Amino acid sequence: MTLHHTALNAARKIGDRHGEATALNNLGDVQHLTGDYHDAITNLEQSVRLYRDLDDRHGQANALNNLGLVHYLTDDSANATAALEQSLLLYQGLDDRHGQADALSNLGLVQRQTQHHDVAIANLDHALAIYRDLNDRQGQANALRNLGAVHLATKCYPEVTTSLEQALTLYCDLNDRQGQANALLILGVMQQQIQDYGRAITSLEQALALYRDLDDRRGQANARNYLGAVQLAIG
């Protein structure tokens, strides 16, 4: 983060507005990863304004996509949707297919949050198709994991299993342990719901072990809570 602050200060000192916009976007992206959502939103909004003033549509699209994701993480679905829809339109105008897939995938997250499940599935399926065309396995894995979560909300259990097993295979190939843990957690929750308690325990214990290795305390807490619910159901 220090690097981005340094870049921001340097850009402002020499009057480089494009460099300032880029540094603000990068800083906001890092702040969202560290949970500093308030400052992330402030910096990303500044970045969007600067990119607009400079008529840099690609910069606007990227900053709006990041901004929409932060609003989603703060449960501000209205502002998340507005930012992501603007981002998607810009990416479409630029014929940036990867950007379109990212915006569609993030829109799917917001629509799951607001329980617009049919639209969420449509957008995530669209994103997945683009990621496959682009051979972006990380994008595919994330879209499949998110599809699994939406199908879980609608209790379409065969679709949950199909999506998450594909996501897990990709995450393992990519050595993405955070992705593996998140997919295993959702899979374990589904197995709990269909009362397949043995498999639920296996999936949740695997998720817990990965979260421990990653020092992800929130993930550990979620896995332990679901494991407790399974053990309570077994009696």
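Can you tell which of Gly19, Gly68 is over 23 Å from Arg97 (Cβ atoms) and out of contact with any His (no Cβ under 9 Å at 6 or more places or on another chain)?
Gly19
Considering only residues that are farther than 14 Å from Leu67 by Cβ and of a type in the set (A, V, I, L, M), look in segment 84-105 and name the one that is surrounded by the most Cβ atoms within 10 Å (Cβ to Cβ).
Within segment 84-105, the match that is surrounded by the most Cβ atoms within 10 Å (Cβ to Cβ) is Ala101.
Given the options Ala149, Ala82, name the one that is assigned by TED's automatic domain parsing to the domain that holds Tyr37 and small (Gly, Ala, Ser).
On the way: Ala149 fails: assigned by TED's automatic domain parsing to the domain that holds Tyr37.
That would be Ala82, the only listed residue that is assigned by TED's automatic domain parsing to the domain that holds Tyr37 and small (Gly, Ala, Ser).
Restricting attention to segment 6-21, does a residue exist that is out of contact with any helix residue (DSSP H, G or I) (no Cβ under 7 Å at 6 or more places or on another chain) and part of a loop (DSSP other than H, G, I, E, B)? Give the steps one after another, and end with the answer.
Taking segment 6-21 and keeping what is out of contact with any helix residue (DSSP H, G or I) (no Cβ under 7 Å at 6 or more places or on another chain), we get 6, 9-10, 13-16, 18.
Subsequent filtering for residues that are part of a loop (DSSP other than H, G, I, E, B) retains 15-16.
Yes, segment 6-21 contains at least one residue that is out of contact with any helix residue (DSSP H, G or I) (no Cβ under 7 Å at 6 or more places or on another chain) and part of a loop (DSSP other than H, G, I, E, B).
Looking only at segment 46-72, filter to residues that are surrounded by fewer than 16 Cβ atoms within 10 Å (Cβ to Cβ) and either β-branched (Val, Ile, Thr) or in contact (Cβ under 8 Å) with a residue 12 or more places away in the chain (or both); which one of those is nearest to Gly19 (Cα to Cα)? Steps first, answer last, please.
Initial filter on segment 46-72 (surrounded by fewer than 16 Cβ atoms within 10 Å (Cβ to Cβ)): 49, 52-55, 58.
Pick out the ones that are also either β-branched (Val, Ile, Thr) or in contact (Cβ under 8 Å) with a residue 12 or more places away in the chain (or both) and you get 53-54, 58.
Numbers: Asp53: 13, Leu54: 11, His58: 14 Å.
Here the residue is Leu54.
Against the conditions (1) surrounded by fewer than 24 Cβ atoms within 10 Å (Cβ to Cβ); (2) of a type outside the set (Phe, Trp, Tyr); (3) touching a residue at least 24 places away in the same chain (Cβ under 8 Å), where does Thr202 fall short? Just the number, please.
Unmet for Thr202, out of (1) surrounded by fewer than 24 Cβ atoms within 10 Å (Cβ to Cβ); (2) of a type outside the set (Phe, Trp, Tyr); (3) touching a residue at least 24 places away in the same chain (Cβ under 8 Å): (3).
Can you tell me which of (1) in contact with a helix residue (DSSP H, G or I) (Cβ under 8 Å, 6 or more places away or on another chain); (2) surrounded by fewer than 24 Cβ atoms within 10 Å (Cβ to Cβ) is the one Asp118 doesn't meet?
Here Asp118 meets the rest and fails (1).
Just checking: which of the helices (runs of 4 or more DSSP H) contained wholly in segment 35-108 hold 2 or more residues that are touching a helix residue (DSSP H, G or I) at 6+ places or on another chain (Cβ under 7 Å) and under 23 Å from Ala141 (Cα atoms)? Spell out how you get there, then give the answer.
Values: elements: 37-53, 57-73, 77-94.
Helices (runs of 4 or more DSSP H) meeting the threshold: 57-73, 77-94.
The values are calculated or read from the model by the stated rules, or taken from the named source; none is laboratory data. Predicted, not measured: the structure shown is a model, and the values here were computed from it. Heads up, the Cβs are rebuilt from the backbone with ideal geometry, glycines too, and the neighbour counts pull from every protein chain shown.
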